[in-house]
1. Within region 82-99, is even one residue more than 22 Å from residue 15 (Cα to Cα) and at pLDDT 90 or above?
2. Looking only at region 1-34, which residues are outside any loop (DSSP other than H, G, I, E, B) and without any contact (Cβ under 8 Å) to a residue 40 or more places away in the chain?
3. For the structure I just gave you, tell me whether residue 3 is over 14 Å from the mean Cα position of the chain (by Cα), more than 14 Å from residue 95 (Cα to Cα) and buried (at least 16 other Cβ atoms within 10 Å of the Cβ).
4. So how many residues does region 55-73 have that are closer than 30 Å to residue 4 by Cβ and either open to solvent by less than 10 Å² (accessible area, probe 1.4 Å) or under 11 Å from the mean Cα position of the chain (by Cα) (or both)?
5. Within region 43-52, is there a residue that is within 23 Å of residue 118 (Cα to Cα), in contact with a helix residue (DSSP H, G or I) (Cβ under 7 Å, 6 or more places away or on another chain) and aliphatic (A, V, I, L, M)?
6. For residue 52, state whether it is at pLDDT 85 or above and either assigned to a helix (DSSP H, G or I) or surrounded by 15 or more Cβ atoms within 10 Å (Cβ to Cβ) (or both).
7. If we keep just the residues of region 82-121 that are touching a Ser or Thr at 6+ places or on another chain (Cβ under 9 Å) and among the basic types (Lys, Arg), which is surrounded by the most Cβ atoms within 10 Å (Cβ to Cβ)?
8. Within region 70-98, can you find the residues that are farther than 17 Å from residue 45 by Cβ and in contact with a Pro (Cβ under 6 Å, 6 or more places away or on another chain)?
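The values are calculated or read from the model by the stated rules, or taken from the named source; none is laboratory data. Worth saying up front: this structure is predicted, and the values here are computed from it rather than measured. In this analysis, Cβ positions are derived from the backbone assuming ideal geometry, glycine residues included, and neighbour counts consider all displayed protein chains. What goes into the accessible areas is simple: the full protein's heavy atoms, side chains included, and nothing from ligands, DNA or RNA. Shrake-Rupley method; radii C 1.70, N 1.55, O 1.52, S 1.80 Å.
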Amino acid sequence: MEVGYRHIDGAYFYEKEVGRAIREKITDGMVKREEIFYPGKPWSTFNTPEMVLSALEKSLKHLQFDHIALCIIHTPLSLKTMEACKDTELVKSIGVSNFNIRQLEMILNKPGLKYKPVLKL
């Protein structure tokens with residue numbers, strides 16, 4: 001952050017450390033929370049619909065954030081739950097990772113889709 005980075009990649013295993021480092025830089029006045037773009041990813045064992053919200057809430061607690069900018073999902077299983085997380089504003093946007101073209105088209109053409117993924121990794 002000292003050299004200008006504001007996009008900080010996230011992962012479950014190091015959220016506490018990343019959150020602590022970000023909070024230190026905010027406390028020092030180096031950055032403001034709204035300047036930080038933090039994308040999170042539920043760990044693969046938390047990708048089932050019934051676990052996504054609790055995993056996201058745990059991540060937010062570790063980070064001491066009220067939201068994350070982008071939540072990246074690795075499987076289409078949790079898409080509806082991620083839409084619910086976006087509805088509650090815990091997540092500003094939804095992205096996908098490790099989706100092939102067929103899977104991505106399936107999501108984009110899904111009846112009742114509320115939010116299109118904003119990013120494909």
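1. Of all residues in region 82-99, those more than 22 Å from residue 15 (Cα to Cα) come to 83-84, 87, 99.
Still in the running and at pLDDT 90 or above: 87.
Yes, that holds for at least one residue.
2. Step one: filter region 1-34 for residues outside any loop (DSSP other than H, G, I, E, B), giving 7, 12-27, 33-34.
If the condition is that a residue be outside any loop (DSSP other than H, G, I, E, B) and without any contact (Cβ under 8 Å) to a residue 40 or more places away in the chain, then 7, 13, 14, 17, 20, 21, 24, 25, 26, 27, 33, 34 are the ones that fit.
3. On the way: over 14 Å from the mean Cα position of the chain (by Cα): yes; more than 14 Å from residue 95 (Cα to Cα): yes; buried (at least 16 other Cβ atoms within 10 Å of the Cβ): no.
Answer is no for this residue.
4. 11
5. Scanning region 43-52 turns up at least one residue that is within 23 Å of residue 118 (Cα to Cα), in contact with a helix residue (DSSP H, G or I) (Cβ under 7 Å, 6 or more places away or on another chain) and aliphatic (A, V, I, L, M).
6. Numbers: at pLDDT 85 or above: no; either assigned to a helix (DSSP H, G or I) or surrounded by 15 or more Cβ atoms within 10 Å (Cβ to Cβ) (or both): yes.
No; evaluated as a whole, the condition is false for this residue.
7. Ranking the candidates gives 86 first.
8. Within region 70-98, 70, 94, 95, 96 meet the criteria.
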